[in-house]
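The values are calculated or read from the model by the stated rules, or taken from the named source; none is laboratory data. Here the structure is a predicted model, which is why all the values come from computation and not from measurement. Every residue, glycine as well, gets a Cβ built from its backbone with ideal geometry; the counts of neighbours run over all protein chains shown.
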Amino acid sequence: MPEWSVIDNSFDKCLKCNACTVICPVSGVSLDFGGPKHLGPEYKRLTDNQITVNEPSIELCTLCGTCDRSCPEGVHVSLLTAYGKAVHAEKSGTTLRDLTLSRAELVGKLASAFAPVTNKVMKIKPARKLMEWTMHIPAERQFPEYKYNHFKKKYKKKEATTERKVAFFSGCYTTYNAPHVGEAFIKVMEYNGIEVALPEQKCCGVPMFANGQMKQGLKNASSNTNSLLLYVNEGYDIVTTCSSCASSLKKDYPAFLQTEEAVKVSKNIYGSEEYLRKLYEEGELNMSLASLDEKAGYFSPCHMKGQGVGTPAIDVLELIPDYKVEDMDAGCCGQCGTFGFKKEKYPLSMRIGNGMRQTIAESTKDYIVTECGMCKNQLNQLAVEKVKHPIEIIKKSYESVLEKDRL
Amino acid sequence: MREKFETEVVIIGGGMTGTGLLRDLALRGIKTILVEQFDLGHGTSTRNHGLLHSGGRYAVKDKEAAIECYRENIILKKTVPGSIEHTGGLFVKIPEDPDDYVHKWVNMCNETGIPVEKISLEEAFMQEPYLNKRAEAVYRVPDASVDPFTMLTDVAADALNRGAGLLTYHTVSRIETKNAEVSYVVARDRYTGVEKEIHAPVIVNASGPWGAYIAKLAQIPLKVINNKGMLTVLNHRINKQVINRLRMPGDADIFVPAHDVTIFGTTGRNVEKPDDTSLEREEFKQMVEDGKALIPNLSNIRSIRAFSGSRPLFEEEGEKDLSGRNVTRGMALLDHEKREGLKGFITITGGKLTTFRYMAEKTADLICEKLGLHQGCLTQEIAVPPRQSKEFLKHPSLPALAKKKLCSWAGINNSQIHSNLEEDNRVVCECEQVTWAEIQLYINQSNHFNLEDLRRRTRLGMGPCQGSYCYHRTAALAVEKEGVSGEEAAEALTDGMDKRKKGMNVVAHGATDRQLKMMEGVTAVSLGIKKGGKAHV
């Protein structure tokens, strides 16, 4: 018997319509994957109170969660596929590579501590060949760069004193790979008179759940819940610049932990642009945004789509005078977090990304905006060099106003 | 011109008792033909809980039936292994039920030799998370879950292998007697209308709820009370073990795990007609209300469908001398030669699914006596072939859940299924993970294309979607690959969908209501079949 259990009967509602299978990025390019309906609700229904069944093809689920959004009946499809992943990991064991990839935070800490070396090594071909042989991490796969001066080193504020207070969940990518995104967010909040605290936090757990490390994932989830709850109780809003962290804090925590605390925290989670949109709707957003004569394409990450909150990035960017942003509607990028770093999944990752590559490559935008660091990784490798986080653009617009004031 | 057949015994009724008798006689080397009006198990035998009683349920009420059940429970686990899952069963005492029954029950179980073990509430709740937390005592007994569909199929197949004859979809229109002795029966093919004349010195009426009707064909008055019970199929398997309420047997107090679902019931209402399988929504609602005593969350658990069947209870007329052999209160073996003076006519009725083998044994003993033969019964020793086929685990391309199904299903057909899979390995029924390979096998074994027959043999369409998708998939594939005519497939589709809808309608609220609408949508929009219209496959 596993040490964790998933009690979720939402599969009772499944009408077998297969809407989730149709929308699934993996099912769209591979017949080897049983699809979310089969490996989520169907799998749970056919194993509940019976012997556990190990279905290896569950490895092909990227846990992107778009299935959840497609379900007309509100079945927690991705929670159920995460359960299947955990069963598979428990039955078949976990490779050193998958274990390593699932510990994004630890990898981030180590890689950024030796950042100049790490980044170079990751670009040396023989080193990558060696990694491919030993770890089954494809040599062709680009890696994001790690920053020695990571975000947590630079930002240590634990408390906010303004009326509106934000607790920032920075997430591993912003912390170790893109501290400038975190800094941009702090700045934008500053322009809005909001102080930002950085609570104690661990990796949100997304890479763990995706690699079947349910036990460790739940540990992180409850640790983060406890830490964030203190802030929620003090009236803070929890904001993150990462769409995957947001998706996990909002959807996975209450579903996996099934505690009142997790539910309470989940109701106070916002993506950075979602939060700005909320400020705008409540008439509190600082509207002194300078005109930006730029043309951007928006790439929507699956973990953003799966939250079912629309496209807050577009909603907010459109507030910038003269700024043009268009939803590229380019599907799934195919990186899918740790998925795209695995040798045996690499061809599939490329196949999924092919649609995106074509759409983006044909476009005439100045650059692409997306909230997700992993999508950025794949966009960089397959389609386009210039990829920005929307919060960087907002920051630029605010800053331009100041510059104009100075002139 | 009628085709004429000669045999030693004709059995009327292809339920579990008749089929069991067919095999028993085959093992004794007695030539037998069974005539069934529809598919095997059309009546009560596939319309029950699928519970292999330990005897616990009858320990207080009917000691003899309890002893019989326990003895047969052990024999069937050994002789029909592929159809039985050794789930074990729990008897649960809740505060609403009388305390003194518990002591009486434990004593009677001890007296009858039914092994009973008291388990801690903590253990019971851990094993059965849905169980009422107000339970006061829980006992474990050797109840088991039995699949009546596979049991019927396997027992019949074994009988046929041993030379028995079987006519399904043949209705008995006449029983001819001559000089106070049975002569022959006339059986008419429901599909073609062609009649067959089957001559035999012994005719056994094993037609369950149709018992009185068949007896009447031989001018024998017989009173059978048809006591209709309703059952419902829960969307998933909510329990690992059989869960019984520890009290005098009543309505809605048994939950039986059956493969991937739980069967819950039942009720009891006397009905006039043997084929009355009507379903009342009020009855269903009351049943769910009563069932909450054991499973408090019951009304939040989806029901896929409901079904009903009648228990044929034999009632002796007045205080007339018991010339028949009323073996126990549960089963009735009636020798109509002794009772009414009609030589060669026997009725076997009553009883339970669990005791079918014993009923067959007693009936076959009587037949031997009539025929002056001395062969003894072999069914307590010789097993039907098993269903387990672990080699499917190694199949390279099947989904793990389809493998799991085949591993406990394929049995003697495993090499044929293997070769069918090589040609086409698609899963047709997703809810129950039924492969085209299995369906193909049974299409080839049957003279007529009938989706409901396929369902009984493969579990096709037994899941939550109730054939919304897989019935028309199967119909289309049958036309495309098996040479079934479009007309035949269309008829099977319309008939099959109607039967599925009937069972869904009565439980249709929440998800099942939406499933029904989805099914109607698929039928009308995607397949272009108007309400009440005919399908074109």
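The helices (runs of 4 or more DSSP H) found wholly in region A:234-320 and carrying at least 2 residues that are modelled with pLDDT under 95 and over 16 Å from the mean Cα position of the chain (by Cα) occupy A:253-257. Residue pairs whose Cβ atoms lie under 8 Å apart, sitting 6 or more positions apart in sequence or on different chains, and linking a residue in region B:129-140 that is closer than 15 Å to B:Q241 by Cβ to a partner that is surrounded by fewer than 17 Cβ atoms within 10 Å (Cβ to Cβ) and among the hydroxyl-bearing types (S, T, Y), are B:V138/B:S120. Note on region A:109-168: residues that are part of a loop (DSSP other than H, G, I, E, B) and either among the aliphatic types (A, V, I, L, M) or in contact (Cβ under 8 Å) with a residue 40 or more places away in the chain (or both) amount to 18. Note on region B:298-414: no enclosed strands (runs of 3 or more DSSP E) hold 2 or more residues that are at pLDDT 95 or above, of a type in the set (D, E) and buried (at least 17 other Cβ atoms within 10 Å of the Cβ). Within region B:50-65, the set of residues being buried (at least 22 other Cβ atoms within 10 Å of the Cβ) and assigned to a loop (DSSP other than H, G, I, E, B) comprises B:G50, B:H53, B:S54, B:G55, B:A59. The set of residues in region B:7-32 that are surrounded by fewer than 24 Cβ atoms within 10 Å (Cβ to Cβ) and either of a type outside the set (K, R) or under 11 Å from the mean Cα position of the chain (by Cα) (or both) comprises B:T7, B:E8, B:A26, B:L27, B:G29, B:I30. With a requirement of 1 or more residues that are away from every other protein chain (no Cβ under 13 Å) and of a type in the set (G, A, S), the strands (runs of 3 or more DSSP E) lying completely within region B:213-272 that satisfy it span B:224-234, B:261-265. Among the residues making up region A:14-36, those that are crowded, with 21+ Cβ neighbours inside 10 Å, in contact with a Pro (Cβ under 8 Å, 6 or more places away or on another chain) and outside any loop (DSSP other than H, G, I, E, B) are A:C20, A:T21. The set of residues in region A:65-87 that are under 17 Å from A:V22 (Cα atoms) and either of a type in the set (V, I, T) or in a helix (DSSP H, G or I) (or both) comprises A:T66, A:C67, A:D68, A:R69, A:S70, A:V75, A:V77, A:S78, A:T81. Here region B:162-184 is the region considered, the condition is being in contact with a strand residue (DSSP E or B) (Cβ under 8 Å, 6 or more places away or on another chain) and not in a strand (DSSP E or B), and the residue that is farthest from B:V204 (Cα to Cα) is B:Y169. Residues in region A:41-64 that are under 30 Å from A:M374 (Cα atoms), part of a loop (DSSP other than H, G, I, E, B) and more than 7 Å from chain B (Cβ to nearest Cβ) were compared, and the one that is nearest to the chain's Cα centre (by Cα) is A:C64.
When residues in region B:514-528 are screened for being out of contact with any helix residue (DSSP H, G or I) (no Cβ under 9 Å at 6 or more places or on another chain) and within 14 Å of another protein chain (Cβ to nearest Cβ), 4 of them pass. Listed by position, the strands (runs of 3 or more DSSP E) enclosed by region B:101-161 that each have at least 3 residues that are among the hydrophobic types (A, V, I, L, M, F, W, C) and at pLDDT 95 or above are B:137-141. For A:C332, indicate whether it is crowded, with 23+ Cβ neighbours inside 10 Å, part of a loop (DSSP other than H, G, I, E, B) and either at pLDDT 95 or above or not polar (S, T, N, Q) (or both). So A:C332 fits the description; yes. On the stretch given as region B:224-268, residues that are over 16 Å from the mean Cα position of the chain (by Cα) and among the β-branched types (V, I, T) total 7. Pairing each residue of region B:281-309 that is assigned by TED's automatic domain parsing to the domain that holds B:L234 with any residue that is of a type in the set (D, E), provided the two are 6+ apart or on different chains, yields C-beta distances under 6 Å for B:D290/B:D251; B:R302/A:D12.
In the set (1) over 27 Å from the mean Cα position of the chain (by Cα); (2) at positive phi, B:G208 fails one condition alone, (1). Considering each residue of region B:186-205 in turn, at least one proves to be touching a helix residue (DSSP H, G or I) at 6+ places or on another chain (Cβ under 6 Å) and either in contact (Cβ under 8 Å) with a residue 60 or more places away in the chain or outside any strand (DSSP E or B) (or both).
Of all the criteria given as (1) assigned to a helix (DSSP H, G or I); (2) surrounded by fewer than 19 Cβ atoms within 10 Å (Cβ to Cβ), the one not satisfied by A:Q378 is (2).
Candidates B:A252, B:A187, B:A258: the one that is touching a strand residue (DSSP E or B) at 6+ places or on another chain (Cβ under 7 Å) and in the same structural domain as B:I348 (by TED's automatic domain parsing) is B:A187.
On the stretch given as region A:215-254, residues that are surrounded by 24 or more Cβ atoms within 10 Å (Cβ to Cβ) and polar (S, T, N, Q) total 7.
Residues in region A:171-211 that are more than 17 Å from the chain's Cα centre (by Cα) and in a loop (DSSP other than H, G, I, E, B) were compared, and the one that is farthest from A:Q335 (Cα to Cα) is A:G193. Does A:E140 meet the test of being surrounded by fewer than 20 Cβ atoms within 10 Å (Cβ to Cβ), over 18 Å from the mean Cα position of the chain (by Cα) and closer than 23 Å to A:G353 by Cα? Against the criterion (surrounded by fewer than 20 Cβ atoms within 10 Å (Cβ to Cβ), over 18 Å from the mean Cα position of the chain (by Cα) and closer than 23 Å to A:G353 by Cα), A:E140 qualifies. Taking into account only those residues within region B:118-144 that are among the acidic types (D, E) and within 14 Å of chain A (Cβ to nearest Cβ), which is surrounded by the fewest Cβ atoms within 10 Å (Cβ to Cβ)? Looking at the filtered set, the residue picked out is B:E123.
Set side by side, the residues A:L60, A:L15 differ, and just one is closer than 20 Å to B:E432 by Cα and among the aliphatic types (A, V, I, L, M), which is A:L15.
Go through region B:476-486 residue by residue and tally those that are acidic (D, E) and touching a residue at least 24 places away in the same chain (Cβ under 8 Å). First the steps, then the outcome.
Residues of region B:476-486 that are acidic (D, E), as a first pass: B:480, B:482.
Those still in the list that are touching a residue at least 24 places away in the same chain (Cβ under 8 Å) too: B:482.
Residues meeting the conditions: 1.
Consider region A:82-93 and keep the residues that are within 28 Å of B:T262 (Cα to Cα) and either away from chain B (no Cβ under 14 Å) or of a type in the set (F, W, Y) (or both). The one that is nearest to the chain's Cα centre (by Cα) is A:A82.
Annotation: B:P296 fulfils all but one of (1) in contact with an Asp or Glu (Cβ under 8 Å, 6 or more places away or on another chain); (2) over 21 Å from B:G467 (Cβ atoms); (3) of a type outside the set (D, E, K, R); the unmet one is (1).
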